[in-house]
């Protein structure tokens with residue numbers, strides 16, 4: 001287990017009356033996991049990945065979904081609690097950022113959080129500093145889980161609570177049964193793919209940088225195509241319209257805006273030769289890790305959470321420059337820091353990756369798959385979860401004081 005911040009043994013959590021006695025080391029814990037695992041968005045994928053790791057622990061876990069509407073995101077078919085124990089939890093883990101607790105948690109879920117002996121927030125963030133509201137909220141937790149060292153560093157700068165790096169596990173799966181043609185991939189061309197959600201802010205995802213780099217590379221004249229898989233682009237305003245116009249102007253580029261099932265999305269990644277991510281920041285980089293797990297050559301900005309698994313030994317990290325936001329970008333505050341990929345460097349990386357594909361050299365893709373299988377499998381992450389949960393349980397008292405009635409009261 002990796003952690004930053006104060007030692008795990010230090011301090012007393014500032015929480016209210018909690019159920020149960022101090023946990024005895026070596027026994028199975030009762031874990032309440034409240035998360036948007038029933039939603040079709042990046043947070044939902046991350047929550048489902050955590051659930052896959054929990055199944056490899058010896059703990060009893062109650063899985064509780066998000067019942068309330070979650071922005072514009074669609075619910076998955078199953079929205080129901082999965083119960084493996086009765087009574088208060090030893091540890092309640094809420095996999096929602098602090099600003100989402102009040103609008104998304106039900107009264108019953110708040111009761112689960114209040115009755116637990118220890119409370120953990122599982123957060124992800126994309127700037128080098130966290131919002132002030134987070135800094136006020138975190139002292140009421142016993143610990144924070146976050147999926148990358150980038151996130152951990154940002155959070156730890158604002159709190160003395162333990163911050164544990166628990167990566168999102170990635171399953172190295174066999175090729176999907178769905179055919180690439182069913183996903184809208186035009187046949188007969190080499191493909192560079194980038195997948196992103198329009199509600200995740202185009203200023204952060206920065207697909208226009210990839211459009212510019214692909215055009216500069218000349219790969220379109222060599223039988224390559226750039227595919228952008230997106231959704232919710234109608235919510236991206238002028239930036240979304242400009243992106244669509246740029247893609248429409250080049251016959252070697254295409255947009256896939258239809259909703260794909262998870263097996264179809266897997267087939268789309270499988271059909272690609274290169275996965276590219278020109279992001280300004282990723283709290284983790286799920287799509288990058290998923291492409292690596294499929295043995296793809298990955299070209300990505302060398303910034304954010306993806307640095308935990310993508311380096312020159314298994315892909316193409318691309319040079320970038322640090323920038324400070326000059327205005328608010330949705331939830332991202334003016335003055336916060338992320339990075340902008342260098343277009344010439346991105347162009348060069350695409351050309352180098354394409355040359356390997358054309359030569360039939362997939363050694364970097366093989367190394368990428370091995371990296372994910374070794375360090376980021378559900379089994380590997382379960383071991384990190386076990387170490388974290390044991391440490392949290394060991395330092396949790398039988399009772400404390402001042403549990404929050406809601407996030408807004410902090």
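In a residue-by-residue description of segment 24-41, the property of being part of a loop (DSSP other than H, G, I, E, B), surrounded by 14 or more Cβ atoms within 10 Å (Cβ to Cβ), over 26 Å from the mean Cα position of the chain (by Cα) and modelled with pLDDT under 60 applies to no position.
Could you say which residue among 396, 377, 306 is more than 20 Å from residue 279 (Cβ to Cβ) and in contact with a strand residue (DSSP E or B) (Cβ under 6 Å, 6 or more places away or on another chain)?
Values: 377 fails: in contact with a strand residue (DSSP E or B) (Cβ under 6 Å, 6 or more places away or on another chain); 306 fails: more than 20 Å from residue 279 (Cβ to Cβ).
Testing whether each residue is more than 20 Å from residue 279 (Cβ to Cβ) and in contact with a strand residue (DSSP E or B) (Cβ under 6 Å, 6 or more places away or on another chain) leaves just 396.
The set of residues in segment 163-196 that are surrounded by 17 or more Cβ atoms within 10 Å (Cβ to Cβ), outside any loop (DSSP other than H, G, I, E, B) and touching a strand residue (DSSP E or B) at 6+ places or on another chain (Cβ under 6 Å) comprises 163, 164, 165, 191, 192, 193, 194, 195, 196.
Among the strands (runs of 3 or more DSSP E) confined to segment 233-342, the ones with at least 3 residues that are buried (at least 23 other Cβ atoms within 10 Å of the Cβ) are located at 274-277, 297-301.
Considering only residues in segment 47-73 that are modelled with pLDDT under 90 and in contact with a helix residue (DSSP H, G or I) (Cβ under 7 Å, 6 or more places away or on another chain), the one that is nearest to residue 94 (Cα to Cα) turns out to be 66. Residues in segment 383-399 that are surrounded by fewer than 18 Cβ atoms within 10 Å (Cβ to Cβ) and at pLDDT below 85: 397, 398, 399. For segment 343-376, the set of residues classified as surrounded by fewer than 20 Cβ atoms within 10 Å (Cβ to Cβ) and assigned to a loop (DSSP other than H, G, I, E, B) consists of 360, 361, 362, listed by residue number. Inspect all residues belonging to segment 114-130 and state whether any of them is part of a helix (DSSP H, G or I), in contact (Cβ under 8 Å) with a residue 24 or more places away in the chain and closer than 26 Å to residue 205 by Cβ. Scanning segment 114-130, I find no residue that is part of a helix (DSSP H, G or I), in contact (Cβ under 8 Å) with a residue 24 or more places away in the chain and closer than 26 Å to residue 205 by Cβ, so the answer is no. Test residue 160 against the stated conditions and say whether it is touching a helix residue (DSSP H, G or I) at 6+ places or on another chain (Cβ under 7 Å) and surrounded by fewer than 23 Cβ atoms within 10 Å (Cβ to Cβ). Answer is no for this residue.
Scanning segment 189-222 for residues that are out of contact with any helix residue (DSSP H, G or I) (no Cβ under 8 Å at 6 or more places or on another chain) and more than 28 Å from residue 128 (Cβ to Cβ) yields 189, 215, 218, 221.
The values are calculated or read from the model by the stated rules, or taken from the named source; none is laboratory data. Every value quoted in this text rests on a predicted model; they were computed, and no experiment measured them. Cβ sites come from the backbone with ideal geometry, for glycine too, and all protein chains shown count toward neighbours.
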